[in-house]
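The values are calculated or read from the model by the stated rules, or taken from the named source; none is laboratory data. Computed from a predicted structure; not experimentally measured. Cβ placement follows ideal geometry from the backbone for every residue including glycine, while neighbour counts extend to all protein chains displayed. These accessible areas exclude ligands, DNA and RNA; they are computed on the full protein's heavy atoms, side chains included. Shrake-Rupley method; radii C 1.70, N 1.55, O 1.52, S 1.80 Å.
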Amino acid sequence: MNQEEIMQQLQAAVALHNQGQLDQAEAIYRAVLAVDANNFYAINFCGCIQREKKRFDEGISLLTRAVTLQPGNPDTVYNLGNVFKDAERWDDAISCYEKTLGLRAQHPEALNNLGICLKEVERYEHSEIVLRRAVSMQPGFAGAWLNLGNTFKEQEKSEEAISSYRKAIELKPD
């Protein structure tokens, strides 16, 4: 496979991945890796598929390799944080999300996920600060409003929790 063929294969795999056809996409990513073991995109996206398949250890391994290949790529560091979060490795996830925000300060999804992790380790005040930043940056982010409500609830701030939950429902009634 030459570079042009690799790029075509990656484009096909990404399309399948986006359509939820994970097995087919993974097979293509692995075929690319058989030819080009350090293909950043195949490693990164294959790691994301492992997360979706709840194969956290393999996802962590692949995404750690991707971060090593492109340490300044905020999306890859964010992806690694997501696998750590799903594996309930809160401190590792927090570290990744903080690094992501150091690389790209305007990243409401990273702020939201950082807020979730901080709540999980009972750092409620820091979680509140981070989630307030996420909703100020992206006021239509229903998930961040929900998570802010959860953080308020943990702090026994009932009125603020209710207000945040109402905002989340207003934005996403379903």
### Query
Looking at this structure, is Ala34 of a type outside the set (Lys, Arg), in a helix (DSSP H, G or I) and in contact with a helix residue (DSSP H, G or I) (Cβ under 8 Å, 6 or more places away or on another chain)?
no
## Note on the structure
Among residues of segment 71-86 being more than 12 Å from the chain's Cα centre (by Cα) and surrounded by fewer than 17 Cβ atoms within 10 Å (Cβ to Cβ), the residue farthest from Gln50 (Cα to Cα) is Gly72
### Query
Among the residues of segment 140-166, which ones are crowded, with 18+ Cβ neighbours inside 10 Å and touching a Gly at 6+ places or on another chain (Cβ under 8 Å)?
Ala144, Asn147, Leu148, Thr151, Ala161, Ser164
### Message
Being of a type in the set (Asp, Glu) and not in a loop (DSSP other than H, G, I, E, B) is true for just one of Glu26, Glu88. Which residue is that?
### Response
Glu26
### Message
Being within 16 Å of Arg89 (Cα to Cα) and not β-branched (Val, Ile, Thr) is the filter here; which residues of segment 53-69 pass it?
### Response
Lys54, Arg55, Phe56, Asp57, Glu58, Gly59, Ser61, Leu63
### Query
Between residues in segment 106-122 that are in contact (Cβ under 8 Å) with a residue 24 or more places away in the chain and residues that are outside any helix (DSSP H, G or I), which pairs lie under 8 Å by C-beta distance while being six or more apart or on different chains?
Pro108/Gln138; Pro108/Phe141; Ala110/Arg104; Asn112/Phe141; Glu120/Glu88
### Query
Among the residues of segment 1-45, how many are among the acidic types (Asp, Glu) and open to solvent by 60 Å² or more (accessible area, probe 1.4 Å)?
3
### Summary
Of (1) part of a helix (DSSP H, G or I); (2) open to solvent by less than 70 Å² (accessible area, probe 1.4 Å), Thr68 satisfies every one except (2)
### Message
One residue is enough: does segment 130-139 have a residue meeting the conditions of a type in the set (D, E, K, R), in a helix (DSSP H, G or I), under 21 Å from the mean Cα position of the chain (by Cα) and surrounded by fewer than 18 Cβ atoms within 10 Å (Cβ to Cβ)?
### Response
yes
